[in-house]
1. Hey, among TRP28, TRP74, TRP101, which residue is at positive phi and not small (Gly, Ala, Ser)?
2. Step by step: first the residues of segment 29-52, then only those that are farther than 20 Å from GLY14 by Cα and in contact (Cβ under 8 Å) with a residue 12 or more places away in the chain, then the one that is farthest from the chain's Cα centre (by Cα). Which residue is that?
3. Kindly indicate which of ASP166, ASP161 is modelled with pLDDT of 95 or more, surrounded by fewer than 18 Cβ atoms within 10 Å (Cβ to Cβ) and assigned to a loop (DSSP other than H, G, I, E, B).
4. Does at least one position in segment 190-207 carry a residue that is on the phi < 0 side of the Ramachandran plot, modelled with pLDDT of 50 or more, surrounded by 12 or more Cβ atoms within 10 Å (Cβ to Cβ) and not small (Gly, Ala, Ser)?
5. How do the pairs read when you match residues in segment 53-80 that are surrounded by 14 or more Cβ atoms within 10 Å (Cβ to Cβ) with residues anywhere that are of a type in the set (Lys, Arg) and assigned to a helix (DSSP H, G or I), using Cβ under 9 Å and keeping only pairs 6 or more apart or on different chains?
6. Look through segment 1-37, keep the residues that are assigned to a helix (DSSP H, G or I) and among the acidic types (Asp, Glu), and return whichever of them is farthest from CYS145 (Cα to Cα).
7. ALA66 is checked against (1) farther than 18 Å from GLY9 by Cβ; (2) more than 16 Å from the chain's Cα centre (by Cα); (3) aliphatic (A, V, I, L, M) and fails just one. What number does that condition carry?
Amino acid sequence: MVERLILVGMPGVGKTTVGRLVSDRLGWDFADVDAVVEDAAGSTVAQIFADGGEPAFRALERRALANLLSGRRWMVISVGGGAVVDEANRALLATAGSVVWLRASLPTLVERVGDGAGRPLLDPAAAASAAARSVAATVTALEACRRPWYESVSDAVVEVDGCTPDEVASRVLAAAAPAGGSAAGPATGPATGPATGPATAPATGPATPGLRR
């Protein structure tokens with residue numbers, strides 16, 4: 001039974017937008033981990049990075065994710081792109097619910113994040129070194145580093161290139177219930193969980209076997 005649907009992926013794939021759409025369709029609560037961190041800290045993600053660096057942010061992120069996954073059900077959760085670098089977060093995600101990786105090509109990621117403004121790990125202006133890499137080079141390096149971790153925690157992968165947010169939301173719901181059922185909260189009956197092993201949602205048609213934990 002799917003009780004939580006968790007979206008992971010690189011910055012720019014649309015986790016928050018798609019997460020809200022999916023939660024609306026299911027009638028579930030929605031939480032964005034970055035927003036939870038900001039509320040708890042009384043500060044923006046960018047300011048947390050500026051004041052305490054990435055370690056300070058990751059500690060707050062770890063606590064926020066653990067709190068969200070401690071007993072709360074019938075939720076769609078958007079997880080920050082870098083949360084998977086933390087071993088404790090990966091352990092939580094592995095058992096917390098149905099994890100769907102929203103995946104985009106590098107050109108799509110680079111186009112969507114633009115100049116990286118507001119994203120501390122991508123914004124050259126926020127970098128300590130004046131010789132900061134270009135946004136494109138940073139996105140490429142981060143994606144290569146994180147890709148194995150996204151694979152390790154994901155039950156399904158949904159490609160987002162060329163899709164509207166509504167289309168991606170439909171693919172997420174199909175991937176979370178690849179046997180043809182639908183994730184559902186208590187008001188609509190039991191949820192149908194993912195088929196054994198992760199699935200990849202193609203451009204058309206049902207989800208097919210894909211990633212492995």
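1. TRP74
2. ALA50
3. Only one candidate qualifies: ASP161.
4. Scanning segment 190-207 turns up at least one residue that is on the phi < 0 side of the Ramachandran plot, modelled with pLDDT of 50 or more, surrounded by 12 or more Cβ atoms within 10 Å (Cβ to Cβ) and not small (Gly, Ala, Ser).
5. VAL76/ARG20; SER78/LYS15; SER78/ARG20; VAL79/LYS15; GLY80/LYS15
6. My answer is ASP24.
7. So ALA66 meets the others, but not (2).
The values are calculated or read from the model by the stated rules, or taken from the named source; none is laboratory data. All values derive from a computational prediction rather than experimental measurement. Every residue, glycine as well, gets a Cβ built from its backbone with ideal geometry; the counts of neighbours run over all protein chains shown.
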